[in-house]
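In what follows, a single structure is set out as structure tokens and then discussed.
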């Protein structure tokens, strides 16, 4: 359950977001165990709104290989709807799969690209680590998503 | 928190009757309350609220939320200047973040904890946290790390460290005083910190014990990996291992001593596992303060197993390094090695002739030959049934070294540690082992030879114990089958015997053994209710039977009385003494006792037997005497008649009725005159007992012959008689 990629915007108060992502893992775990054997036909599990805090909403998404994506969104951004979040997660998943397919990427390594782009309002939960080629695409996907929502 | 407070204030304001519509006044009011607020110590309330929240989340099983709240509580205690409690909480919570691998969060907790320990002048915690913050998990920048490192070295040199940034000024002053006290008090302080796998990768929220002093997981400053060169070593080969250390801190760091301890110090001569129990690295020196970093086992820490896994998955091509450098990730910890005993250089051969026969003294020849270059001492032999087999087999197997006596139940199934003496190089010795198996089946036998030998390893002489074993499976089979039957004196099948009438006991020994058997002798032991008609002599003395051959004996017996027992009269026992034809003379013969079946005996009122020659000749008179015995206690009326036969002319009483007194005998004499040659039917005697109507002719036929062989008349010089015949 250690983080593979974490980025947040704005960069101050990053710690708070880190904590939020970490604690939201509890809810993710609970949801996974609750789902259990019921929904096997759905290959990916979009977990929906994990829990709302006073300022933020946290969304979760789990892949078949138990890689978890967590997104923390500003509550004031009411324009974002469930479908949009869902499609964002799908894009993230596709991007992550691309990273995985990269033969130079070791599964379990942290994802970090050479270009650390400054994003916008939306923090996304993953943590930077080693450098390797495929992460550039991942990073840019994330950034574009952040920009899009702004 | 702030929002809640503000909303509360809003309520207060409205209660106080303030007019909320006026923004100016609201601002002033808010400021006033904020000022008041500063004087109230909120920490207590906050902490209480937080601990309630922790309990709540614990109940609903949200471990991470609980940890986050505990961090907040710890920070609150820090602000409230209750450093002890803060440290306790933060330390407790650190394990969770370590195991989950969230380094950013861990670093922030460590920073706070470091401040607490600085302000309390807690030496051990300060050192431990500094070490961890310098290590590979911390996300601090290099300049911060250098600062911490400098402070650490100061502490180890028995000086006060620089104060941590962002600490309360008053607290810093009191801390500096405490540190000064510590400096003056210091003698040689040795702190031992255990660096090891502390928390399993378990997200169920394992409770970390709060007592942490020696088991602090000080990660990532220095990594240690110890490795034996091979997973196993022989006793006479020197054991080699390497200890690899990697430092992750920005500046070079000097350690003064490295100790490696093992689980046993003395070289033993038996197979065992040799573990590296711990590796100790000493930082600082004994005159100042020193920190001993201790790794249990072969090294590694909470994150190294994961890193090792990732390294093994990696397909990165390893850069070629010069010969004496090793790629850190490719070093796999090998903390234990197996010491196995020296390879023995002797040969153990077994010679035997399977299969064994039940109950025989089966001979197994063990030949031990030494191929060593030196004399081997104290050679001991263990031989017998391999332990661990069926309990029935163990009970029915006996082993002995002395073949001349038959082993009985008291002999063991396995003979252990028979001393055999010493063997010079090339010498060989033979030992004969005798095994007696009581039941059929397959048995595994083990022969184990152990000895001592002096060898030289790196100019030191050591005594090694070596051993070699051989296993062999021996089948046991039945040697022969004995069939017993009762027949009449005419060799006809006998259903029942009659009192005082002789009958025959026939025994048949069929050899089922693949080896030739020598029947040494046989003996018939009769029960008291049975008597023998003549001398009982063994007819099978020293008979050799090959596979499939059979030997028969015949005894004539007589039963004097019917007995009262249902099911017949006991006959007795038949004992056969035998051994293998190829066995040596001194090996004893085995006696197999067979219980003979019971025979049904009936009383007969009248016994008739005939005296007549074995053959007749044409035109020569053939005298026949019939004896009639009255076996009852009463006078019997008997009607006797003779039926004529075509082949004979006879003279005698054709029909008569007489009385026979009890226990007496009546003789009838007839003269038969054969007319024709060949196997002729005799004139049959009919006896009718008036009191026993079922004394029939059938019964009589058993006792008296019904036909006889008549030889033709011999050729005589007299032509006339030939013509007449």
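Run down B:524, B:505 and say which single residue is modelled with pLDDT of 80 or more, within 30 Å of residue B:685 (Cα to Cα) and not assigned by TED's automatic domain parsing to the domain that holds residue B:637. Unique residue meeting the criteria: B:505.
Take residue B:540 and decide whether it is in a loop (DSSP other than H, G, I, E, B) and farther than 30 Å from residue B:477 by Cα. Answer is no for this residue.
Surrounded by fewer than 19 Cβ atoms within 10 Å (Cβ to Cβ), within 17 Å of residue B:171 (Cβ to Cβ) and within 57 Å of the chain's Cα centre (by Cα), is that true of residue B:84? So residue B:84 fits the description; yes.
Among the residues of region B:663-682, those that are exposed (fewer than 15 other Cβ atoms within 10 Å of the Cβ) and within 14 Å of residue B:627 (Cα to Cα) comprise B:663, B:664, B:665, B:667, B:669.
The criterion of at least 3 residues that are within 14 Å of another protein chain (Cβ to nearest Cβ) is met by the following helices (runs of 4 or more DSSP H) wholly inside region B:39-142: B:43-59, B:63-79, B:83-100, B:103-120. When residue A:103 is tested against the conditions (1) over 22 Å from residue A:32 (Cβ atoms); (2) modelled with pLDDT under 75; (3) over 15 Å from the mean Cα position of the chain (by Cα); (4) within 14 Å of chain B (Cβ to nearest Cβ), the lone failure is (2).
Scanning region B:677-687 for residues that are out of contact with any helix residue (DSSP H, G or I) (no Cβ under 9 Å at 6 or more places or on another chain) and either within 14 Å of residue B:641 (Cα to Cα) or not assigned by TED's automatic domain parsing to the domain that holds residue B:621 (or both) turns up B:682, B:683. The set of residues from region B:338-349 being surrounded by fewer than 16 Cβ atoms within 10 Å (Cβ to Cβ) and within 11 Å of residue B:472 (Cβ to Cβ) comprises just one member, B:349.
The values are calculated or read from the model by the stated rules, or taken from the named source; none is laboratory data. As the structure is a prediction and not an experimental result, all values here were calculated from the model. FYI the Cβ positions are ideal-geometry reconstructions off the backbone, even for glycines, and counts take in every protein chain you see.
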